[in-house]
Amino acid sequence: MVPTREEALEALREAESMNPGQWVDHVKNTGLAAEAIASRCPGMDAEKAYVLGLLHDIGRRVGVVSMKHVIAGYEYAMRRGWDEVAKICMTHSYPIQDIKKDIAKIDVTEKEYKTIQKYLEKVVYDAYDHLIILCDSLTNTHGFCILEKRFVDTTRRYGMFPFTVERWNATFAIKEEFEKKMGCSVYSVLPGIERTTLL
């Protein structure tokens, strides 16, 4: 289940009041990117895609956190009965389904770490998981941007790991997957991407 657009926006407003920051603009842009891409993909629900993009980082409501936002978002969404949002909260940081290939600071308890690990080992990604992984990397606080810009931005913040390029390649593969469905470049449906990429 996913909330309505209005419910999702209200949840985001509440989260912003708890933890204001640039992450809010990022998720709004992620929602818009997901909506634009899903609208060009047969069988996908653009409204659902928007809501999932908007709420993928809702775990940041608990404060300035890193890996913690994954499990915090999952738990919050499950309490609300939003199981599809909860899934996205868990999967969006993992283009490779392996917690050991996360770039985030480990700021979770051992129990929380094992919960995420077991979830990733069992979950089956669908088109919406892939879509939000992709759109998370197509947006920043200014708007839409090419993958390379986002990758450099996150690498500057989190550092380079032995598996960084593997994560990049997995995301590029998802991009290619959606471009086959759309019959065009994902960039072609993201307005102003040239301007925001150069910011």
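Going by a ≥ b ≥ c, the root eigenvalues of the Cα gyration tensor, does segment 37-146 fall in the rounded group (a/c under 1.5), the prolate group (a/b larger than b/c) or the oblate group?
Since a/c reaches 1.5 and a/b is larger than b/c, the shape of segment 37-146 is classed as prolate.
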For segment 1-50, which whole-number percentage of the solvent-accessible area (1.4 Å probe, protein heavy atoms only) is attributable to carbon and sulfur atoms? 50 percent
Reviewing (1) 183; (2) 111; (3) 122, the figure for volume of the Cα convex hull per residue in Å³ actually calculated from this model sits under (2)
For segment 8-96, just say rounded, prolate or oblate: build the C-alpha gyration tensor, square-root its eigenvalues into a ≥ b ≥ c, call rounded for a/c under 1.5, and beyond that prolate if a/b exceeds b/c, oblate if not. prolate
Assign unit charges at the C-beta atoms only (+1 for Lys and Arg, -1 for Asp and Glu), then state the dipole size of the chain relative to its Cα centre in Debye, rounded to the nearest 20. 380 debye
Let me know the shape class of segment 116-183, please: from the alpha-carbon gyration tensor, a ≥ b ≥ c as square roots of the eigenvalues, rounded when a/c is under 1.5, otherwise prolate if a/b is greater than b/c, or oblate. oblate
By a straight-distance test (C-alpha under 29 Å), which lysines pair with LYS68 as possible cross-link partners, with residues fewer than eight away in the same chain excluded? LYS28, LYS48, LYS87, LYS100, LYS101, LYS105, LYS111, LYS114, LYS118, LYS122, LYS149, LYS175
Would you mind getting the accessible area per residue of the chain, heavy atoms of the protein chains only, 1.4 Å probe, in Å²? 47 Å²
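The values are calculated or read from the model by the stated rules, or taken from the named source; none is laboratory data. Quick caveat, the model's predicted, so the values are computed rather than measured. All Cβ positions, even for glycine, are placed from backbone atoms using ideal geometry, and neighbour counts span all protein chains on display. Accessible surface areas use protein heavy atoms only, side chains included; no ligands, DNA or RNA. Shrake-Rupley method; radii C 1.70, N 1.55, O 1.52, S 1.80 Å.
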